[in-house]
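To keep things clear, I will list the structure first and then write my remarks on it.
A short reminder: the numbers here are calculations on the coordinates, not readings from a lab. This one's a predicted model, so the numbers in the text were calculated from it and none came from an experiment. Note that each Cβ is placed from the backbone with ideal geometry, even for glycine, and that neighbours are counted across all protein chains shown.
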Amino acid sequence: MSKTARWESPFADDFNDGNATGWQAYGGAWSVVNGQLAVGADAGAKALASGSLFSNFTYDADITPGPSGNPGLLFRASRPTTGVDSYQGYYVGIDGNQVLLGKAHSGAWTQLAVAALPSMTGTSRHLRVVAVGSLLEVYVDDLATPKLSVTDGSYVSGAIGVRTYQSQARFDNLSVRAFSRFESLIQGSFIRHRKARGRIDHSLLTAEDAEWRVLPGLANASALSLESTNFPGYFLRHRNGEVWLDLDDGSSLFKADATWWRRAGQANSALISFESFNFPGYFLRHRDGLLYLNGLSTSTDRSDATFRE
């Protein structure tokens, strides 16, 4: 797996190359052992992926905690120095039979939420963080239901990393998928695909169906295209007035159909709407749960074509 760390680009490290190149440590004794990043017990040792900067993302890792303390993941982090809570950003850690989420600012720690876990000391746990705007969700082993769900807008972007507090730990299979989600004015209903059809839905199982990479437009780099995160190479496009998730076939027609202009929200200028690149005046909108390309003539039309990123 490659190591990359760029603005809104994927990041992955499985440490199978035997080194921690690309990681900056702040305290603690870090090493790569048997394809895992290992650290001894320390009061707040952390390591950040150099140059990483993410805002909305899914962050996954396998963590094997020691018998005490709590190891975990840093995200949207900045201003790191050596010290217990010497950074700004969020931290989620596994502490025996609980998972905790909090934030640090200039050495001060604020706990945001905690939930119980089955105690499995010495066993690898899969930890996932989903951060979308101010919504922060934490999953442990069960990736269908979050253990923690918190709304906090203190930090909107920053680096990803790992940390330990008074615990030896091993980290493996770290990955970040950057994405955007688009919520309709029907609160909790997001643009997603299901069986290739574009739709809005309040059910986000599978969550990745509602996650999109915002790329320069396939037909015009000043516009945008929406690529599925779980089906790379597939884009949201219109055809025959309906909106579908289709594989890019390289044709000029496909590129035009999958290109959108980002416009001020037609029902709320603080939000966004998507105007077709090749059908000016026609917008992506939902109707009866499905996505279509239509002109907008009524207030309902304009509301149905307005989304929150």
Inset, instruction - Output the direction-averaged projected area (hull surface divided by four) of the convex hull of the alpha-carbon atoms of segment 1-101, in nm². - result: 6.4 nm²
Inset, instruction - Can you grab the distance from the C-alpha centre of segment 105-150 to the C-alpha centre of segment 268-309, Å, no decimals? - result: 35 Å
Legend entry - Label corresponding to Cα Rg over 2.2 N^0.38 Å when calculated from the structure given, among (i) 1.08; (ii) 1.19; (iii) 0.98: (i)
Legend entry - Inter-centroid distance (Cα atoms) of segment 14-41 relative to segment 75-91, Å: 18 Å
Legend entry - Computed [θ] at 222 nm, helices only, for the chain once each DSSP H run of length n ≥ 4 contributes -39500 (n - 2.57): -1000 deg cm²/dmol
Inset, instruction - Taking H placed 1.01 Å from N in the peptide plane, check which residues at least 5 places from residue 23 or on another chain put their amide H under 5 Å from its amide H. - result: 50
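Pairs of alpha-carbon atoms within less than 8 angstrom and 6+ residues apart define the contacts here; what relative contact order does segment 11-178 have, in percent?
On the way: 487 pairs, mean separation 57.2, N = 168.
After rounding, I find 34 percent.
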Inset, instruction - Collect residues whose amide H, placed 1.01 Å from N in the peptide plane, falls under 5 Å from the amide H of residue 98; neighbours closer than 5 in sequence don't count. - result: 117
Inset, instruction - Pop a pseudo-label 7 angstrom from the Cα along the beta-carbon direction at both residue 144 and residue 221 and give the gap in nm to one decimal. - result: 4.5 nm
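Taking 30 Å as R0, compute the FRET efficiency from the Cβ-Cβ separation of residue 252 and residue 309 and round it to 0.05. Let's see the in-between values first.
On the way: r = 28 Å, r/R0 = 0.93.
That pair, residue 252 with residue 309, gives E of 0.60.
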Inset, instruction - Return the sequence-ordered ³J(HN,Hα) values of segment 155-172 in whole Hz as given by the Karplus equation 6.51 cos²θ - 1.76 cosθ + 1.60 applied to θ = phi - 60°, using x for Gly and Pro. - result: 10, 9, 7, x, 7, 10, x, 10, 7, 9, 10, 6, 8, 6, 7, 10, 10, 8
Inset, instruction - Tabulate in residue order the Karplus-calculated ³J(HN,Hα) for segment 174-189, using 6.51 cos²θ - 1.76 cosθ + 1.60 with θ = phi - 60°, rounded to whole Hz; enter x for Gly and Pro. - result: 7, 8, 10, 10, 8, 6, 10, 10, 10, 9, 6, 6, 7, 3, x, 9
Legend entry - Backbone HN-Hα couplings from phi across segment 90-95 [Karplus 6.51/-1.76/1.60, Hz, Gly and Pro as x]: 9, 9, 10, x, 9, 10
Inset, instruction - Can you tell me the FRET efficiency between residue 278 and residue 43 if r is taken as the Cβ-Cβ distance and R0 is 41 Å, rounded to the nearest 0.05? - result: 0.10
Legend entry - Linear extension gain, residue 117 paired with residue 29, 0.36 nm per residue minus alpha-carbon span: 28.9 nm
Inset, instruction - First select every other residue whose beta carbon is under 13 angstrom from the beta carbon of residue 258; then total the charges, Lys and Arg +1, Asp and Glu -1. - result: -1
Inset, instruction - Specify the inter-centroid distance of segment 233-255 and segment 198-226, based on alpha-carbon positions, in whole Å. - result: 12 Å
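Mind giving me the FRET efficiency for residue 230 and residue 106? R0 is 51 Å, r the Cβ-Cβ distance, nearest 0.05 is fine.
On the way: r = 38 Å, r/R0 = 0.75.
Efficiency computed from Cβ-Cβ geometry: 0.85.
Count neighbours as other Cβ atoms within 10 Å of each site's Cβ, and list the trypsin sites (Lys or Arg not before Pro) in segment 99-199 that are DSSP loop with at most 14 such neighbours.
Values: sites: 103, 125, 128, 147, 163, 170, 177, 181, 192, 194, 195, 197, 199; in loops: 147, 181, 195.
Those that pass, being in a loop and sparsely packed, are 195.
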